[in-house]
Amino acid sequence: MEEDAGERSSFVVGFIENRAKEVGVAAFDLRSASLHLSQYIETSSSYQNTKTLLQFYEPMVIIVSPNKLAADGMVGVSQLADRVCSSTKKVIMARGCFDDTRGAVLVKGLAAKEPSALGLDSYYKQYYLCLAAAAATIKWIEAEKGVIITNHSLLVTFNGSFDHMNIDSTSVQNLEIIEPMHSSLLGTNNKKRSLFHMLKTTRTIGGTRLLRANLLQPLKDIETINTRLDCLDELMSNEQLFFGLSQALRKFPKETDRVLCHFCFKPKRVTNEVLASDNGRRSQIMISSIILLKTALDALPLLSKVLKEAKSCLLGNVYKTICENEKYTSIRKRIGEVIDEDVLHTRVPFVARTQQCFAVKAGADGLLDMARRSFCDTSEAIHSLANKYRQDFKLPNLKIPFNNRQGFYFSIPQKDIQGKLPSKFIQVVKHGNNVHCSSLELASLNVRNKSAAKECWLRTALCLEALMDAIREDVSVLTVLAEVLCLLDMMVNSFAHTISTKPVDRYTRARFTCDGPLAIDSGRHPILESIHNDFIPNGIFLSEASNMAIVMGPNMSGKSTYLQQVCLMIILAQIGCYIPARFATLRVVDRIFTRMGTMDSLESNSSTFMTEMKETAFIMQNMSHRSLIVMDELGRATSSSDGFAIAWSCCEHLLALKAYSIFATHMENLSALSTMYPNVKTLHFDVDVRNNRMDFKFQLKDGSRHVPHYGLVLAGVAGLPSSVVETAKRITSRITEKEMKRMEVNCRQYEDVQLIYRVAQRLMCLKYSDQDEDSLREALQNLKESYIGGRL
């Protein structure tokens, strides 16, 4: 239906909100014929959850109810759409169109799955808002596009956004998941890429969209993640399977997922509107869809041959679901009865037009055969005219290219033109080293050729109506085929291809637990490691007994890169891909929150500090015990005392939860937290200061380390007067001396508690280890002796 959308969004999204700030969302994808329903309570006054969904869907149309009919506090979503998606078409529909009862009936009738499988009967009351949004969205699509949606053709998902890891829009930007914050890297000629760009080696548009969706909403189900990882294990260990699948997927057209929607939508009153102005285009799209479907079904035997010996669960299920399903053979047989066997999908414009005109077998329709003769005669006349012009005007290199907008036109190399072109040539345009032009004779033949092609399309469409209706009866299997091809494209051409281009053993499979630690050994930044060959690896270890890491170090020592690195590795692991590390075991993360960067927000009239506080408040209100919270330099945008107080109190609040937190700061006073709270550990990035110069090692080490006066060193390098720098050194020495004395007191006061927590941490690590019974007994005995001897 959205035939020229390319990689642009094809989502129509309906929103509705009630007095309790509960939001219902219905997102209809015109390209893949799928409906995604979500309903949630908006906990943030800035509508952060809704912003995240808008960024995820990037809608082409937003449907809302009228503001003037809404009660106070119910216009938030509408105002947000105006502010966040100002360039997106906004449609205001009457409140009566948002009918949840009508929405439930529509979803039951249109969903490919049974209502019981969707959970619609059980959750009808819970999902009443998103069902209301669905009613309005479907009503607008059918009216605007002039179609009827085929029964039992839609892929419907409920609450899809929150069955996955949730990454808010601010974190998507901070982590550079989709777009890089800076296009180039300082000191290099390399262009910086996002995680999406790094993995974007998919061959189909549907595979690219699935990759983007997975990066924005990674999986949370351990079984599904491990199923993908098992498939990736087999692909990486079986080269024949990997290359075989790569070759098989090349046989499928790039737009295979798009063909589905043309069978899910049936134009209204086709036979009564044969002469409508846009009917020729509709007929052309329908013919193209059947040709594309035929080409895709012709590629299935090769895919079946490659997958026959596959061992992994995912590839095995694909073989059983697709390759052993007789319905695909039945559809292919029906197509073969009507469509000529020699017709194939092609992207070359004139070849595609010719294939569409000759798609139906000869003799099926007398008027169609007459239109074909007219099309061939005009096409031949155009090429004869080109030969005539070559001889008459001595232009041996004159060519006659074709595109869908202009039809046929002349292309003449400039070097062949002596002086001016003859007056017979019109619409002369310079194009590189060639001149493009036409003539009155060519324009006349173009009109006749286009008219004959349109007549062919209309007659062909009438011949194909019965075939289209037959295919629509089995449209649900086409939905499955489109989903499977997108998934295989992502697994093979993105994940496996990316890993295969890296040195051996640079990427590893992560292990997942429900409540275990977050442990990564020798992890690397997935984007920067491909740019810097000497990237320094660093690890991390967090557990319930040690759930906060305070990362310290001077500016430019690598703190922000490290925080981003940890988050990106977790995202990679939870989409079912290997990660750049030596070893990793992870606890499944349900949400990632980041607080990075400092800048004013002019559109919301917020200073740097106010922006920091709004982002921090959103984190505090929405985090759970399975969240990962990453904060970089909190509180530096206000006074030092207030900033330190806010940073300290935020850390204490996070410590009370089971969530894993990584807090980067250059406030050395925050390291005192580790002397008071046993579940805090302090890390630092190694830096050498020599001759008033800092040598950054980018190596993360345990404990805190006082880098003497690194800020003053930089101030001196910047040209600050030496007397000012010396005075500052004396002041900071006195402050540092007092802090060291206070930390020594804390260490003595909390020493016993720290010892007990270290024992608990070791016990929890042993709980999730894979050691045999004898090794565990030995480890426990060693732990006991270390505790008694005070060596922990």
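Odds and ends about this structure:
- Placing unit charges on each Cβ (+1 for Lys and Arg, -1 for Asp and Glu) gives the chain a dipole about its Cα centre, and among P413, N547, S649 the Cα reaching farthest toward its positive end belongs to P413.
- Of all DSSP beta bridges in the chain, antiparallel share, percent nearest 5: 60 percent
- Theoretical ellipticity at 222 nm over the chain - DSSP helices of four or more residues, -39500 (n - 2.57) apiece, nearest 500: -15000 deg cm²/dmol
- Order of exposure, largest accessible area first, which applies to L763, L241 with probe 1.4 Å: L763, L241
- Long-range amide H partners of V588 with built H, under 5 Å: T513
- Phi-derived couplings, Karplus 6.51 cos²θ - 1.76 cosθ + 1.60 at θ = phi - 60°, listed residue by residue for region 346-356: 9, 9, 6, x, 6, 5, 5, 4, 5, 4, 5 Hz, with x used for Gly and Pro.
- Three principal axis extents describe the C-alpha atoms of region 345-418; from largest down they are 51, 25, 16 Å.
- Percent RCO, i.e. relative contact order, over the chain, from Cα pairs under 8 Å lying at least 6 residues apart: 11 percent
- Probing with 1.4 Å while keeping every protein chain in the model, the per residue accessible area of the chain equals 47 Å².
- Of all lysines in the structure, those lying under 26 Å Cα to Cα from K361, and not within fewer than 8 positions of it along the same chain, are K251, K254, K266, K294, K327, K333, K450, K454.
- Range of Cα positions in region 473-604 per principal axis (Å), largest first: 64, 47, 35
- The reciprocal of the average 1/r between distinct C-alpha atoms defines the Kirkwood hydrodynamic radius, which for the chain equals 30.7 Å.
- Between helix 559-574 and the chain: long-axis angle, C-alpha atoms, 0 to 90°, nearest 10: 50 degrees
- Cα gyration tensor, region 423-482 - rounded (a/c under 1.5), prolate or oblate: oblate
- Cross-link reach is defined here as a Cα-Cα straight distance under 22 Å, omitting same-chain residues fewer than 8 places apart; for K767 the lysines meeting it are K658, K681, K784.
- Three-way shape call for region 336-488 based on the alpha-carbon gyration tensor, with the a/c threshold at 1.5: prolate
- Tilt relative to the chain, helix 279-298 - C-alpha long axis, 0 to 90 degrees, to 10: 70 degrees
- Helix 773-789 vs. the chain, principal-axis angle (Cα, 0 to 90°, nearest 10): 40 degrees
- Applying the criteria of a DSSP loop state and at most 16 other Cβ atoms within 10 Å to the trypsin sites (Lys or Arg not before Pro) of region 416-446 yields K420, K424.
- For S444, solvent-accessible area (1.4 Å; no DNA, RNA or ligand), Å²: 60 Å²
The values are calculated or read from the model by the stated rules, or taken from the named source; none is laboratory data. The structure displayed is predicted, hence computed values, not measured ones. Every residue, glycine as well, gets a Cβ built from its backbone with ideal geometry; the counts of neighbours run over all protein chains shown. Just so you know, the surface numbers come from the protein's heavy atoms only, side chains and all, with ligands and any DNA or RNA stripped out. Shrake-Rupley method; radii C 1.70, N 1.55, O 1.52, S 1.80 Å.
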